[in-house]
């Protein structure tokens with residue numbers, strides 16, 4: 001029996017308003033390949049539903065404007081996006097509906113989408129009145145619960161060449177944005193019960209640049225008092241003109257200590273959810289992070305992205321979180337082989353404990369300043385540690401996605417991999433470009449000539465002519481597989 005569209009509409013309209021509101025909410029389109037939180041431009045079906053009748057309009061509007069975005073002016077449009085933001089903030093209906101705001105810190109097209117004179121004042125003087133006033137208007141949103149600060153992924157390091165800086169969001173404007181942002185949140189936190197507390201803060205493409213004058217300020221501490229969920233995606237500087245020097249950028253070995261000892265400690269007692277993801281491999285070198293001294297007594301959910309494990313106690317800070325019920329590891333790996341130039345290791349004050357140094361010439365590396373190490377940690381011991389020490393865990397996911405930011409914004413979309421990834425181990429070779437971190441390919445690794453037996457020191461043979469296959473994943477597959485299955489079974493029994 002066919003049901004006409006009119007009859008279906010009448011049947012829907014007869015539903016209680018609460019049920020109809022839930023149905024309209026599900027019209028929101030969240031795309032699995034979308035790297036950002038959705039904004040109103042994606043809600044086509046929901047927009048159309050507002051035109052059905054006044055009742056549907058009243059029910060759909062709060063969903064449509066639950067999330068709004070503050071974006072920068074586009075010089076190509078007569079009506080800039082900041083004007084659109086002001087119009088939304090002037091609407092009482094919108095102000096009452098907004099629960100989440102996504103603040104973009106720069107135009108999407110950095111070279112073409114900004115006014116040079118405005119950005120010059122923003123960079124040099126920290127002045128951009130229209131933008132900072134727009135940020136301040138979030139304090140007119142009485143029901144705001146969460147905020148996302150979205151930086152550009154184009155970072156310029158403090159020591160990089162500035163000749164092409166119009167292509168980048170430079171450190172000065174990033175700092176000015178952070179200051180304006182936390183100053184605004186500080187005012188909100190001091191407003192009393194008139195304004196809702198911000199419970200969730202997400203910062204995307206936060207540059208790996210220590211800013212202790214911000215993270216130790218009263219504005220920073222006051223503004224984050226109510227935050228329970230913190231999600232950070234850390235981006236590295238882009239040095240297109242000299243990628244061979246990227247790992248020598250000072251940010252690469254100073255940021256992780258800043259994160260561990262200055263940024264996170266003031267939040268440990270209050271967080272229930274924490275996401276720490278980087279766009280580059282982190283945790284071992286050049287910067288070092290082992291979480292030592294960080295205690296999160298209330299933490300229930302932890303999401304790590306691209307964290308490299310290079311010491312036997314390197315993961316203990318996670319295993320010490322006895323309250324964890326959810327642990328998600330995105331592209332996390334154990335480093336098994338490392339080649340370092342001596343001067344870099346000294347500059348980074350690199351920790352080499354737990355590593356076995358190989359003789360000169362091992363794996364084909366025979367230069368006088370080469371230092372070659374191996375590390376015998378396995379995923380078997382890691383999985384067993386998670387199973388035995390995180391006894392409240394009911395959700396464990398480990399995945400190796402192509403685009404980590406999808407799962408950063410939508411962690412529930414991360415699948416549960418029940419089989420071992422062959423690429424769960426990695427090597428570090430500071431002599432390779434553009435990244436010293438070399439992923440395995442279907443388990444096969446590339447580390448010099450792949451032969452532990454030292455070459456003749458007088459040999460002129462190319463170090464990277466491979467003599468055999470090497471796969472740490474193959475060597476450890478039985479123990480790793482057993483431990484993973486034991487972990488998954490233990491987690492399943494706790495559901």
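Rule-based calculations on the coordinates, nothing more; no lab input. Being a predicted model, the structure only gives us computed values, none of them experimental. Every residue, glycine as well, gets a Cβ built from its backbone with ideal geometry; the counts of neighbours run over all protein chains shown.
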Legend entry - residue 90 paired with residue 417, simple spin-label distance in nm, labels 7 Å along Cα-to-beta-carbon: 5.2 nm
Inset, instruction - Sort out for me the Cα centre separation of region 140-162 from region 470-491, rounded to whole Å. - result: 39 Å
Legend entry - Added length on full extension, which subtracts the Cα-Cα distance from 0.36 nm per residue, residue 191 to residue 111: 24.9 nm
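Please report the orientation-averaged projected area of region 296-336, defined via the convex hull of its C-alpha atoms, in nm². Intermediate results must be reported in sequence, preceding the final value.
Working: hull surface 11.4 nm².
Averaged projected area of region 296-336's Cα convex hull equals 2.8 nm².
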Legend entry - Approximate spin-label separation residue 439-residue 391, in nm, with each point projected 7 Å along Cα-to-Cβ: 3.8 nm
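At 4 °C and 1.567 mPa s, what whole-number value in µm²/s does Stokes-Einstein give for the translational diffusion of region 179-333, with Rh from the Kirkwood sum over Cα pairs? Before the final figure, lay out the partial values.
Values: Rh = 16.5 Å.
This corresponds to a translational diffusion coefficient of 79 µm²/s.
Calculate the FRET efficiency for residue 270 and residue 452 from the Cβ-Cβ distance with a Förster distance of 51 Å, rounded to the nearest 0.05.
0.60
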Legend entry - Where Rh is the Kirkwood radius over Cα pairs, Rg/Rh for region 380-434: 1.05
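Mind checking the full-extension length gain between residue 349 and residue 402? Use 0.36 nm per residue of separation minus the Cα-Cα distance, one decimal, nm. The partial results should precede the final answer.
On the way: separation 53, 0.36 × 53 = 19.08 nm, distance 3.17 nm.
Value of the extension gain: 15.9 nm.
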Legend entry - Förster-model FRET efficiency, 60 Å R0, residue 376 and residue 225, C-beta, rounded to 0.05: 0.85
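Could you work out the Rg to Rh ratio of region 253-312, with Rh taken as the Kirkwood radius (inverse of the mean 1/r over all Cα pairs)? Mind dumping the intermediate values first?
Details: Rg = 11.5 Å, Rh = 12.1 Å.
Over the Cα atoms of region 253-312, Rg/Rh equals 0.95.
So if we plug the beta-carbon distance of residue 341 and residue 83 into 1/(1 + (r/R0)^6) with R0 = 51 Å, what FRET efficiency do we get, rounded to 0.05?
Step by step, r from the Cβ atoms, then E = 0.45.
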Inset, instruction - Obtain the nm distance between the two label points defined at residue 368 and residue 312 by a simple spin-label model: each point lies 7 Å from its Cα along the Cα-to-C-beta direction. - result: 3.5 nm
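Rounded to whole Å and sorted largest first, what semi-axes of the equivalent ellipsoid does the C-alpha gyration tensor of region 317-404 yield via the square root of 5 times each eigenvalue? It would help to have the intermediate numbers written out before the result.
Numbers: eigenvalues 227, 40, 32 Å².
Each semi-axis is √(5λ); the values are 34, 14, 13 Å.
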